[in-house]
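A short worksheet on the structure shown next.
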Amino acid sequence: MAKDKPADGENVTHSKFFTKLQAQMHGDTDTAQPAGPKPASTWSAPPQKAPMASKWTPPKPVLTGPKPWAPPSGGAAQRGRKGDAVFQKSVQAGTKIPICAECGAPIRGPFVIALGKNWCPDHFICANPSCKTKLIDIGFIEVAGKLYCEKDYAENFAPTCSKCHKPVVGDCVNALDKQWHPDCFTCKQCNRPVGGGTFHVESGDVLCDQDWAAMYQTKCHSCEFPIEPGDRWVEALGHNWHAECFNCATCQVSLEGQGFVAKNGRAYCKRHGGGGGFR
């Protein structure tokens, strides 16, 4: 049986499905949602600031260039005095062409002869790049195949004198594992230079041969010459004697290994001893 049409102004209740369908037909997609409790808010970390980029600093420029000169180490030194170098204007005819000790090239023109070698004139200079002094008219020293003026040798190579503590540029005395100027290596007793002569060491002191003998060496009471190691000697009357010097004071017969008579500090044989005590 058909239902009656509702009168105007009368409230009509439709189903939820019908209401939703009617809204879609009219293009209304915002369908009212039933009110309900709001969802609980969730905690979120506050936004962090992005780290600031560090300021870029360009690297400092690195200066490049030749390394500072350093003297070579090792090598024996050979000294040339002023005037030892000889300048030759040309190679004599019929002689062998000289080879420069520095550059190794044949020398066709003027050259320098020194220390048994040949050099181009422009290469006969101090090997220190900051010096390069010409060496033809001054003293020079060769170290490890290189030439140096005396000033550079003193600053970079020369040994130090054990006494005055100054560089030894010229002649050097090597003694007691040290280096000395010849005039600084002196006798403790007489203060004279020992040089390359014989010396002795007593209690750390250097003594020349003469002073050491006077102070420490046994001397013969008769001839007053030293009794050297290996000499035959006699100890008698409180003195030391060469065996050949210990004789009878009268007849000079040798008393070595013999009995003798002592009178007034002198030795006599039995025959010339008279009534003295026989020893």
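What follows is calculated from the coordinates using simple rules that are stated; it is not laboratory data. Source: prediction; values computed, not measured. Don't worry about glycine lacking a Cβ; one is built from the backbone with ideal geometry, like all the others, and counts go over all protein chains shown.
What distance in nm lies between label points placed 7 Å from Cα along the C-beta direction at Q210 and R81? Output for this residue pair reads 2.5 nm. Amide H contacts of E102 (H built 1.01 Å from N, in plane; Pro and chain starts excluded): C120 sit under 5 Å, all sequence-distant by 5 or more or on other chains. Summarising the amide proton neighbourhood of A127: residues at separation of 5 or more, or on other chains, whose placed amide H is nearer than 5 Å comprise L147, Y148, C149.
Phi angles of the range 77-92 translate, via the Karplus equation with coefficients 6.51, -1.76, 1.60 and θ = phi - 60°, into HN-Hα couplings of 9, 10, 9, x, 7, 4, x, 6, 7, 10, 8, 10, 6, 7, 7, 5 Hz per residue; Gly and Pro are given as x. Taking label points 7 Å from Cα along the Cα-to-Cβ direction, Q189 and R266 give a separation of 3.0 nm. I want to make sure I understand the PRE zone here: with the label point 7 angstrom from the Cα of H239 toward its beta carbon, which residues in the range 196-227 have backbone N atoms less than 12 Å away? Residues 219-225 qualify, since their backbone N sits under 12 Å from the label point.
Amide H contacts for K188 (H built 1.01 Å from N in the peptide plane; partners 5 or more residues away or on another chain; cut-off under 5 Å): V206, L207, C208. Residues of the range 174-198 falling in the label zone of A154, defined by backbone nitrogen less than 19 Å from a point 7 Å along Cα to beta-carbon, are 179-185. On the basis of the beta-carbon distance and an R0 of 41 Å, E202 and R108 show a calculated FRET efficiency of 0.10.
Between D171 and T95, the modelled labels are 3.1 nm apart [label points 7 Å from Cα along Cα→Cβ].
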